[in-house]
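Enquirer: What follows is a structure written as structure tokens; I'll ask about it next.
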Amino acid sequence: MKQLEERIKQEGRVLGEDILKVDAFLNHQIDPELMQAIGATFAQHFQNDKIDKILTVESSGIAPAVFTGLALHVPVVFARKNKSLTLPDGVWTADVYSYTKQTTNHVMIDQRFLGAGERVLIIDDFLANGQAVAGLLDIVDQAQAVAVGAGIVIEKSFQKGRQLLDDRGLPVVSLARIKAFRDGQVEFDS
Ligand code: G4P
Ligand code: NA
Ligand code: NA
């Protein structure tokens, strides 16, 4: 998506070896028009897949997920990060390990909002090591729902996540694919 690549070039900042900060339009300040264009693009890719529901993880997946849900006219459910020590009843759960933060998040979705046979599209802001999407796939399995595909705003192709999802046979659509960071600059897969 040309428009997204331009924004990454103009406003993205490379931190260290492998982190891209995009807090000017996605992760802190949000550009609604860009998110709407992103949602429309995902919707176009998955328009013939009979999607019933969008799944994402709080917080940064919510903006692109909501605009995708708007374009496909389906509800959006975000997995919550459980911060309390006790687990509420009636939830599907998964552990999501973050390499970036070196912490494990326990994410959960109320069983009322995901059930057997529902066709699910997973949306997230970044694909790095793939642990967030893997956690959502785990939840989809528990619910006996069907994962139809994943829409990723920014994929870092040099990390492990893409291979992990390919190995599972999940169709992945990424709107910007980053091949490498070199001298603080972003190089895209063409
Ligand atoms: P993974 O899900 O692909 O395994 O990602 P990883 O554990 O490496 O990353 C953990 C968190 O950092 C996730 O957000 C993920 O979206 C985000 N992340 C990964 N790589 C980048 C990057 O290059 N830039 C930015 N800005 N974020 C990245 P999270 O912890 O779930 O937090 P939230 O922001 O969604 O609340
Ligand atoms: Na995220
Ligand atoms: Na994030």
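Enquirer: For the list (1) open to solvent by less than 60 Å² (accessible area, probe 1.4 Å); (2) at pLDDT below 95, I need the number of the one condition that residue 63 fails.
Expert: (2)
Enquirer: Can you name the number of the only condition in (1) open to solvent by 40 Å² or more (accessible area, probe 1.4 Å); (2) touching a residue at least 24 places away in the same chain (Cβ under 8 Å); (3) within 16 Å of ligand 2 (Cβ to nearest atom) that residue 68 fails?
Expert: (1)
Enquirer: I've got another one for you. Considering every residue within the stretch 83-91, establish whether at least one is modelled with pLDDT under 95 and within 16 Å of ligand 1 (Cβ to nearest atom).
Expert: Residues of the stretch 83-91 modelled with pLDDT under 95: 83-89.
When the remaining residues are screened for being within 16 Å of ligand 1 (Cβ to nearest atom), the result is 83.
Scanning the stretch 83-91 turns up at least one residue that is modelled with pLDDT under 95 and within 16 Å of ligand 1 (Cβ to nearest atom).
Enquirer: Something else about it: Given the condition in contact with a Ser or Thr (Cβ under 8 Å, 6 or more places away or on another chain), open to solvent by 60 Å² or more (accessible area, probe 1.4 Å), charged (D, E, K, R) and away from ligand 3 (no atom under 16 Å from the Cβ), answer yes or no: does some residue in the stretch 94-105 qualify? Walk me through how you get there before you give the answer.
Expert: Step one: filter the stretch 94-105 for residues in contact with a Ser or Thr (Cβ under 8 Å, 6 or more places away or on another chain), giving 95-98, 104-105.
Applying the additional criterion that residues be open to solvent by 60 Å² or more (accessible area, probe 1.4 Å) yields 95, 97, 104.
After this cut, where a residue has to be charged (D, E, K, R) as well, the list is 95.
Now drop any that are not away from ligand 3 (no atom under 16 Å from the Cβ), which leaves 95.
So far as the stretch 94-105 goes, yes, one or more of its residues are in contact with a Ser or Thr (Cβ under 8 Å, 6 or more places away or on another chain), open to solvent by 60 Å² or more (accessible area, probe 1.4 Å), charged (D, E, K, R) and away from ligand 3 (no atom under 16 Å from the Cβ).
Enquirer: Which of the residues that make up the stretch 93-113 are within 15 Å of ligand 1 (Cβ to nearest atom) and among the polar types (S, T, N, Q)? Before you say what the answer is, go through the steps one by one.
Expert: Restricting attention to the stretch 93-113, the residues satisfying the condition of being within 15 Å of ligand 1 (Cβ to nearest atom) are 94-109.
Scanning the stretch 93-113 gives 98, 100, 102, 103, 104, 105.
Enquirer: Is there any pair linking a residue in the stretch 32-56 that is among the small types (Gly, Ala, Ser) to one that is in a helix (DSSP H, G or I) and crowded, with 17+ Cβ neighbours inside 10 Å, with Cβ under 7 Å and at least six apart or on different chains, and which?
Expert: Matching pairs, first to second residue: 39/64; 39/67; 39/68; 39/71; 40/71; 43/68; 43/71; 43/72.
Enquirer: Can you name the residue in the stretch 114-134 that is away from ligand 1 (no atom under 11 Å from the Cβ) and free of Cβ contacts under 8 Å to residues at least 60 places away in the same chain and, of all such residues, is least open to solvent (accessible area, probe 1.4 Å)?
Expert: 115
Enquirer: Just one of (1) away from ligand 3 (no atom under 15 Å from the Cβ); (2) under 22 Å from residue 60 (Cβ atoms); (3) at pLDDT 95 or above trips up residue 156, so point out which.
Expert: (1)
Enquirer: Could you check how many residues of the stretch 16-33 are away from ligand 3 (no atom under 16 Å from the Cβ) and outside any loop (DSSP other than H, G, I, E, B)?
Expert: 2
Enquirer: Residues of the stretch 135-183 being over 17 Å from residue 12 (Cα atoms), open to solvent by less than 10 Å² (accessible area, probe 1.4 Å) and in contact (Cβ under 8 Å) with a residue 40 or more places away in the chain, which ones?
Expert: Correct list: 135, 136, 139, 140, 143, 149, 151.
Enquirer: Here is a further query. Scan the stretch 45-82 for residues that are of a type outside the set (A, V, I, L, M, F, W, C), outside any loop (DSSP other than H, G, I, E, B), away from ligand 3 (no atom under 16 Å from the Cβ) and closer than 14 Å to residue 148 by Cα and jot them down. First the steps, then the outcome.
Expert: The initial filter retains those residues of the stretch 45-82 that are of a type outside the set (A, V, I, L, M, F, W, C), namely 45, 47-50, 52-53, 56, 58-61, 64, 68-69, 73, 75, 80-82.
This time we only want the ones that are outside any loop (DSSP other than H, G, I, E, B), so: 45, 53, 56, 64, 68-69, 80-81.
Right, trim to away from ligand 3 (no atom under 16 Å from the Cβ) and you get 45, 53, 68-69.
Correct list: 45, 53.
The values are calculated or read from the model by the stated rules, or taken from the named source; none is laboratory data. Predicted, not measured: the structure shown is a model, and the values here were computed from it. Ideal geometry is used to build each Cβ from the backbone, glycine not excepted, and the neighbour counts take in all protein chains shown. Please note that ligands, DNA and RNA were not included when accessible areas were found on the heavy atoms of the full protein model with its side chains. Shrake-Rupley method; radii C 1.70, N 1.55, O 1.52, S 1.80 Å.
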